[in-house]
1. V25: net charge of surrounding residues, Cβ under 14 Å, Lys/Arg +1, Asp/Glu -1, itself excluded?
2. Given axes a ≥ b ≥ c from the Cα gyration tensor, I'd like to know whether region 3-113 is rounded (a/c under 1.5), prolate (a/b larger than b/c) or oblate.
3. Just to confirm a number: summing +1 for Lys and Arg and -1 for Asp and Glu over residues other than T87 whose beta-carbon lies under 9 angstrom from that of T87, what do you get?
4. What does the extension gain come out to for A143 and E156, with contour length at 0.36 nm per residue minus their alpha carbon separation?
5. Along Cα→Cβ, 7 Å out, is where each label goes; now give me the distance between the ones at L74 and Y44 in nm to one decimal.
6. By how many nm would the segment from V62 to F131 lengthen if fully extended, with 0.36 nm per residue of separation less the alpha-carbon distance?
7. Once fully extended, how much extra length lies between I98 and W9, figured as 0.36 nm per residue of separation less the alpha-carbon to alpha-carbon distance?
Amino acid sequence: MILLDILIWVVLLFFVAKGFSKGLVREACSLLGLVSGGWAAFRYYSFLSQGIRHFINLPTQVAQPLSFLLIFMLLGMLFYFLGHLLTVIFKVMLLGGINRVGGVVFGFLEGGFVLCVVLYLATTKPMPEKFKAWVSGSKTASAFAGTGAGIAAGWEGAMRKDKEAPQQVDKAPPQGSGRK
């Protein structure tokens, strides 16, 4: 087991402990915030960056990452507050034990998701080849990076399908044309 494998397990254990302390509801909302925030940021950052560039007069290289972070953080905060609200409701319903055990599961899932995305990004183009080789040398990291590539491909595929889908207008046949 190399150092990277140990770091991966430490990160997963951190997320499991975080899930236990925060509970199912807050961890589920946190995971939803990460996934939906990542998807929305990946999908809409280019639209927002165009608006930011004209409004603030920023170069594209600054506006695009800024808009990505803005969308990601905004949705993350929205789900964070939703998680706190729902946790208060569940405390009133006395589901504290179930909330904590479920938090462990969702904490593990959240940690896995974060590791997948981070390790995938660590194997992409701007990273040095030596670092990519270090990540690829770990079977655990390679598995997470491969899953992260699948997540990114899914987001890209969803974006591509939306762009390629023709805008269909539901036209009803004219009245009295004999078609039903």
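No lab work stands behind these numbers, since they all come straight from the coordinates. Please read these numbers as outputs of a predicted model, since none were measured by experiment. Cβ sites come from the backbone with ideal geometry, for glycine too, and all protein chains shown count toward neighbours.
1. Working: positive: K18, K22, R26, K91, R100; negative: E27, E110.
The answer is +3.
2. On the way: a/c = 3.97, a/b = 1.72, b/c = 2.31.
Here region 3-113 falls in the oblate category.
3. Cβ neighbours under 9 Å give a net charge of +3.
4. My answer for the length gained is 2.7 nm.
5. 0.6 nm
6. That works out to 22.3 nm of additional length.
7. 29.6 nm
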